[in-house]
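Read the structure below first, then the notes.
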Number of protein chains: 2
Amino acid sequence: MKKEMKQVKTKPAVDPSTEEKIKNAARIIFHKKGFSATRTRDIAEEAGINLALLNYYFRSKEKLFDIIMLETLQGFLLSLLPALNIESTSLEKKIEAIAGNYIDLLTAEPDIPLFIMSELKANPNELLGKMGIKEVLMRSHFIKQFQQGIKEGKIVPMNPLHFMMNLMGLTVFPFIASPMMKGLGNLTDKEYNELMQQRKLLIPTWMKAILKAK
Amino acid sequence: MKKEMKQVKTKPAVDPSTEEKIKNAARIIFHKKGFSATRTRDIAEEAGINLALLNYYFRSKEKLFDIIMLETLQGFLLSLLPALNIESTSLEKKIEAIAGNYIDLLTAEPDIPLFIMSELKANPNELLGKMGIKEVLMRSHFIKQFQQGIKEGKIVPMNPLHFMMNLMGLTVFPFIASPMMKGLGNLTDKEYNELMQQRKLLIPTWMKAILKAK
DNA sequence: GTCTATAACGTGATAGAC
DNA sequence: GTCTATCACGTTATAGAC
């Protein structure tokens, strides 16, 4: 019996609502600094609004964070699904699509992986369970092709989790470790991004080799 | 002209000094929660001492953190060196040693990688430069063997950084992503550790395949 | 809805007795 | 060296005017 009605936004892209402005600011700051290190004042400043408005719209720092966390995790995991479930493409093509998509996504938003891993560990919640991502992933066409390949002797038998860890490790880890890697290699951001672009082609090659390695 | 003298510890193992107790507690809490999320009160409680003593010995939370950070980073990176510089072993054997060492280290202290990556990013300092690890790594026998392999046509030409990222990605990433992977795979800690143990043998096989992949 | 001012609380650090 | 008590400050959240 709620009486409030969602306000109709006439030009959401040109003139984002205050709520949107706060969420966008929160996303940026939370991703960059994590929950504990961000102050609500930072978010308010980034959004160009007053601190009180944040609590007016979202009641608390934690509630705002939960929203950002959920959206971020969904964006990260669900971006996999389209590639995973196209029945017409080979396993190799799917690997190519996943690596390419992730590298593009993370080049644009490099803070996401470390944010997710840190906050998921700090707050072992049931988010992953609620999202039902596990079931979707494990029943995907991608996994079916993988197991079919094993059955046909084209792929060396291996726990699918190893396979997922390898693909993610090769793709996502360089973004998590970029401060260290840039430091060890004396690389500028531009040079590092070029390495990442190279990996779009390299990772599928490597993954193919891994599938046959024994 | 310092007049203070280091106190002689008669039984450091049995009866650690207060300073040691605080450092050990700080290491545990900082590794688990990172700088921002840990409160000095947590450290004091973990150490079984009073909060005031922490400031008496280390002056500030930040100074204590810097010590832990330096020691942790050294422990993580320098643990590589012995394996890297043995001239009598093959590249394959070195990969085996590195993967095995890291998996053992991180099974015992799984918080270390996420701690290092997070804090290195939050505070882009010159620690890595100061440690001189870059030079040591790039001039190691390990890298020489790698480049020799390329010259002899036994290894597909590849930026050494890709090689390092791959080895670290396959080895270290599963520890960084363990909350997510355990969630996706519905695994207990014990089952996850078994997967990690399997990887001691699998990673060298995969890395060997990667070196030849084209 | 948006602001200013302030309350309520948590945290790092110190004073001072022992 | 170690403790209790307390300060000083920053931060989240709210009250209340507009």
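Laboratory data are not the source of any read-out in this text; all were calculated from the coordinates shown. Keep in mind it's a predicted model, so treat the numbers as computed, not measured. No Cβ is skipped: glycine too gets one built from the backbone with ideal geometry, and neighbour counts run over all protein chains shown.
Quick notes on this structure:
- Cα gyration tensor, region A:108-149 - rounded (a/c under 1.5), prolate or oblate: oblate
- Note on A:Lys212 and B:Ile150: the model spin-label points, each 7 Å out from Cα along the C-beta direction, lie 2.3 nm apart.
- Modelled FRET efficiency - R0 51 Å, B:Glu19 with A:Asp189, Cβ distances, 0.05 increments: 0.80
- For region A:79-211, the relative contact order is 40 percent, taking Cα pairs closer than 8 Å that sit 6 or more residues apart in sequence and dividing their mean separation by the residue count.
- Mean partner shielding of peptide A:129-138, defined as the number of other chain Cβ atoms within 10 Å of each residue Cβ, is 2.
- Degrees between helix A:112-122 axis and first principal axis of chain A (Cα, 0 to 90, nearest 10): 80 degrees
- Neighbours of B:Lys212 by Cβ distance under 12 Å: Lys/Arg scored +1, Asp/Glu scored -1, total +4.
- Semi-axis lengths (Å, descending) of the ellipsoid that matches the C-alpha gyration tensor of the protein assembly as shown: 35, 34, 20
- Inter-copy spacing of B:Gly48 label points, which lie 7 Å from Cα along Cα→Cβ, given in nm from shortest upward: 5.7
- In nanometers and ordered shortest first, the copy-to-copy spacing of the A:Glu194 label point, defined 7 Å from Cα toward Cβ, is 4.7.
- Annotation for B:Gln148, label-to-label distances across the other copies: 4.6 nm (shortest first, one decimal, point 7 Å from Cα along Cα→Cβ).
- Projecting the Cα atoms of B:Ala37, A:Ala25, B:Ile203 onto the charge dipole of the protein assembly as shown, computed from C-beta unit charges around the Cα centre, puts B:Ile203 farthest toward the positive end.
- Descending semi-axes in whole angstrom, ellipsoid equivalent of region B:15-64, from the Cα gyration tensor: 15, 12, 9
- Those residues of region A:142-161 whose amide nitrogen sits under 14 Å from the label point placed on A:Glu87, 7 Å along Cα→Cβ: A:142, A:144-145
- Around A:Leu84: net Lys/Arg minus Asp/Glu count, Cβ-Cβ under 11 Å: +2
- For the segment B:112-119, counting C-beta atoms of other chains within 10 Å of every residue's C-beta and taking the mean gives 5.
- Where labels lie 7 Å past Cα in the beta-carbon direction, separation of B:Glu135 and B:Asn123 in nm: 2.5 nm
- Using a simple spin-label model with pseudo-atoms 7 Å out from Cα toward Cβ, B:Gln74 and A:Glu45 lie 3.6 nm apart.
- Among A:82-91, A:180-189, the order from most to least packed when residues are scored by Cβ within 10 Å on average: A:180-189, A:82-91
- Helix-only [θ]222 nm of the protein assembly as shown, DSSP H runs n ≥ 4, -39500 (n - 2.57) each, per residue, nearest 500: -23000 deg cm²/dmol
- Peptide A:179-188 - average C-beta neighbours from other chains (10 Å radius): 6
- Rg over Rh [alpha-carbon atoms, Kirkwood Rh] for region A:67-214: 0.97
- Ordering B:Ile133, A:Ile43, B:Ile28 from the fewest to the most neighbouring beta carbons within 10 Å gives B:Ile28, B:Ile133, A:Ile43.
- Counting charges near A:Glu96 (Lys, Arg +1; Asp, Glu -1) among other residues having Cβ under 11 Å from its Cβ returns a value of +3.
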